[in-house]
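Take a look at the structure below.
The values are calculated or read from the model by the stated rules, or taken from the named source; none is laboratory data. The shown structure was predicted, so the numbers you read here are calculated from the model rather than taken from an experiment. Cβ placement follows ideal geometry from the backbone for every residue including glycine, while neighbour counts extend to all protein chains displayed.
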Amino acid sequence: MPSIAEPHTVPTPTIENATRSDDALAPTYYVVCWNDPVNFMDYVTHVFMKVFGWPRQKAVKHMREVHEQGKSVLVREGAEKAEFYVHQLQGYKLQATMEPAE
Amino acid sequence: MRLLTHSKSGWRYQLSRVEAQALRSLMKLFPTTAHVAVRITQTDTDPKAAEREKLLNESLAEHREELRRKALHLMSGDRLRLQHDRYVLGIGLEDREILLQILNDIRVESWRALGQPDDLDPPANLSQDEQVHHNRMSLAGYFECNFLNLEEGREAAAED
């Protein structure tokens with residue numbers, strides 16, 4: 001299994017100290033999809049469109065990242081939502097995990 | 001196998017007798033393997049991650065059980081009907097998602113049972129059990145590709 005590299009697809013958000021809320025201080029997670037040789041590329045695209053509601057073009061971009069780079073960072077979310085997405089993706093049998101963003 | 005019609009309410013596919021029989025067999029067999037625990041993270045060492053992983057595996061086992069219950073309904077007489085010498089499968093949006101998930105589950109779990117090979121072509125010296133898993137993986141893949149490509153090819157063409 002490939003190691004985690006510094007994700008480059010999601011920019012680090014700028015948060016003003018004065019306006020930080022509890023939510024902003026809560027840990028966030030990257031939802032990562034890992035490559036495997038068995039899931040069809042069309043299937044992966046289909047799942048991304050279903051789970052995230054993405055247009056085909058965006059789903060294909062992430063599918064290609066998975067296929068060509070071994071993984072793709074799909075979204076950055078709080079724990080609950082990241083966990084929800086991992087459940088959904090794993091329900092479709094994609095190899096997805098949630099990794100701490102910081 | 002070919003797509004006959006597609007509307008907002010669903011899809012109608014035409015299958016040969018052999019295809020219909022093979023699809024029915026796959027649905028009856030599901031799940032073809034016991035649930036295998038999966039990891040929720042590769043790097044998180046927080047104790048909460050272990051609890052999340054436990055919940056994920058419980059949830060996936062329940063999800064599979066739900067799919068199992070729905071699998072046979074998908075092949076019931078009101079959805080899969082013989083018309084002349086061919087079968088017509090009529091399914092809605094939810095049915096199609098369930099069908100795809102079941103087929104992909106069979107494909108992925110058969111691949112895992114084969115030891116997760118990088119090369120999906122069958123080696124010459126497969127045991128009888130491995131041959132069974134390989135056949136299931138290929139057959140599920142055949143239907144999965146058809147259900148996906150017969151529809152998504154249209155969508156992609158429409159977007160071009």
- Note on the structure: Note on the stretch A:46-74: residues surrounded by fewer than 24 Cβ atoms within 10 Å (Cβ to Cβ) and under 18 Å from B:ASP105 (Cβ atoms) are A:LYS50, A:VAL51
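Pick from B:LEU148, B:LEU139, B:LEU103: which is in contact with an Asp or Glu (Cβ under 6 Å, 6 or more places away or on another chain) and closer than 15 Å to B:LEU29 by Cα?
Unique residue meeting the criteria: B:LEU103.
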- Task: Could you check B:SER59 against (1) of a type in the set (S, T, N, Q); (2) touching a helix residue (DSSP H, G or I) at 6+ places or on another chain (Cβ under 6 Å); (3) over 15 Å from A:GLY91 (Cβ atoms) and say which number it fails?
- Result: (3)
- Query: For the stretch A:85-102, which residues satisfy the criterion of being closer than 22 Å to B:LEU103 by Cα, out of contact with any Ser or Thr (no Cβ under 6 Å at 6 or more places or on another chain) and facing another protein chain (nearest Cβ under 7 Å)?
  - Reply: A:VAL86, A:GLN90, A:GLY91, A:TYR92, A:LYS93
- So which residues in the stretch B:69-107 are assigned to a helix (DSSP H, G or I), among the basic types (Lys, Arg) and either touching a strand residue (DSSP E or B) at 6+ places or on another chain (Cβ under 8 Å) or farther than 27 Å from A:MET41 by Cβ (or both)? B:ARG69, B:ARG96
- Query: Looking only at the stretch B:72-100, which residues are of a type in the set (Val, Ile, Thr) and under 14 Å from B:TYR13 (Cα atoms)?
  - Reply: B:VAL88, B:ILE91
- Only one of (1) at pLDDT below 95; (2) touching an Asp or Glu at 6+ places or on another chain (Cβ under 7 Å) fails for B:GLY77. Which number is that? (2)
- Task: Tell me, yes or no, whether the stretch B:109-120 has at least one residue that is in contact with a Leu (Cβ under 8 Å, 6 or more places away or on another chain), within 11 Å of chain A (Cβ to nearest Cβ) and surrounded by 18 or more Cβ atoms within 10 Å (Cβ to Cβ).
- Result: yes
- Note on the structure: When (1) among the hydrophobic types (A, V, I, L, M, F, W, C); (2) out of contact with any strand residue (DSSP E or B) (no Cβ under 8 Å at 6 or more places or on another chain); (3) modelled with pLDDT of 50 or more are applied to A:VAL32, the one that fails is (2)
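Counting just the residues of the stretch B:11-37 that are out of contact with any strand residue (DSSP E or B) (no Cβ under 8 Å at 6 or more places or on another chain) and not in a helix (DSSP H, G or I), which one comes out surrounded by the most Cβ atoms within 10 Å (Cβ to Cβ)?
In the first step, residues of the stretch B:11-37 are kept if they are out of contact with any strand residue (DSSP E or B) (no Cβ under 8 Å at 6 or more places or on another chain); the result is B:18, B:21-22, B:25-37.
Pick out the ones that are also not in a helix (DSSP H, G or I) and you get B:30-37.
Working: B:PHE30: 22, B:PRO31: 16, B:THR32: 17, B:THR33: 16, B:ALA34: 8, B:HIS35: 15, B:VAL36: 11, B:ALA37: 10.
Across the stretch B:11-37, the extreme among qualifying residues is B:PHE30.
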